[in-house]
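Single-structure report; data block below.
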Amino acid sequence: AVVFWLGWAAGETVATVLFGFVAFFALREFITLSPTRRGDHRSLILAFFVVLPIQFWLVITKHFDLFTVFIPVYVFLLLPLVSALANDPTRFLERNAKLQWGIMVCVYGMSHVPALLLLNFKNYVGKGAFLVFFLVLVVQICMVVQHFAARQLKSTPLAPEISTSFHWRSWLAGVLAGSLFGGVISALTPFKPAQALAMAFIACVAGSMGHFVMKALKRDRGITNWGMQGRSITGASGLLDRVDALCFAAPVFFHSVRWYFGL
């Protein structure tokens, strides 16, 4: 958080670049724990050193219409082609789906966080960092409350093979806590209290469900947290463990804000 605020103080471009590095390391954790073959090397180089920089460059230059479709449309068509040219059909669908999923979550999702800095609200110029702060805070409060509520409520897990701590009551407690807190801190945002509560609710639902989906991916890989062999650059758990909910919440929140306020 301190690094981000320093980056924001140095300028929106620096802050966007910082989020680009977060996306880079998150994608690295995702790919490291997924099977790859020699035929994937070109696609991996393309993902890390072409797609990722272009996506964040589109954010910096405010090409919002292009940055929202660049990965879901153009990159999704290009990556399988590059992989096919490597002449390796073994598990072709699985390998490409894995890479496309990683890019979608880690790069596309994360790129929407700094994009909030560049939204032009009336009488809210230069305050985009508070909008990012709002998004991160409500999503993390939702996740923390859901975690502690699950420990207190002895309910039957909804999907025990994926998560033993996910039940509807704890999920609802987390979503309500994050949403209500969003309404309380509406003064930091360009929203009215009711609008802030609604936007926080959207972010919390998207983030918590995204976190649940990422748990399913971890169970498929047979791991408890992201990061090579249980270790990561952040210590206790992988970097992706800390931002996975944000990667899902950010695009939903960003486009909801743009659509509702006509930005």
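The values are calculated or read from the model by the stated rules, or taken from the named source; none is laboratory data. Given the structure is predicted, the values throughout are model-derived calculations rather than measurements. Please note: Cβ atoms are built from the backbone with ideal geometry, for glycine as well, and neighbour counts cover all protein chains shown. Protein only, heavy atoms only, side chains kept; ligands, DNA and RNA dropped before computing areas. Shrake-Rupley method; radii C 1.70, N 1.55, O 1.52, S 1.80 Å.
What percentage of the solvent-accessible surface of the range 92-151, computed with a 1.4 Å probe over protein heavy atoms, is contributed by carbon and sulfur atoms?
Working: 1600 of 2310 Å².
Reported share for carbon and sulfur atoms: 69 percent.
With all protein chains kept in place, the per residue accessible area of the chain amounts to 49 square angstrom at a probe of 1.4 angstrom. Distances between every pair of Cα atoms in the range 23-157, grouped in 10 Å steps from 0 to the bin holding the largest one, split as 11, 32, 27, 20, 10, 0 percent.
Note on the chain: lysine pairs with Cα distance below 22 Å, sequence gap of 8 or more or different chains, count 7.
So for each of 138-149, 100-111 I average, over its residues, the number of other beta carbons within 10 Å; can you give me the resulting order with the highest mean first? Mind dumping the intermediate values first?
Working: 138-149: 20.8, 100-111: 23.2.
Packing order, densest peptide first, comes out as 100-111, 138-149.
Taking every DSSP helix (H) stretch of at least 4 residues in the chain, weighting each as -39,500 (n - 2.57) and dividing the sum by the residue count yields a mean residue ellipticity at 222 nm of -21000 deg cm²/dmol. Computed over the chain, the percent of Cα pairs more than 29 Å apart is 33.
Rolling a 1.4 Å probe over the protein chains gives Phe49 an accessible area of about 140 Å². Centre-to-centre separation between the Cα atoms of the range 185-225 and those of the range 63-96: 27 Å.
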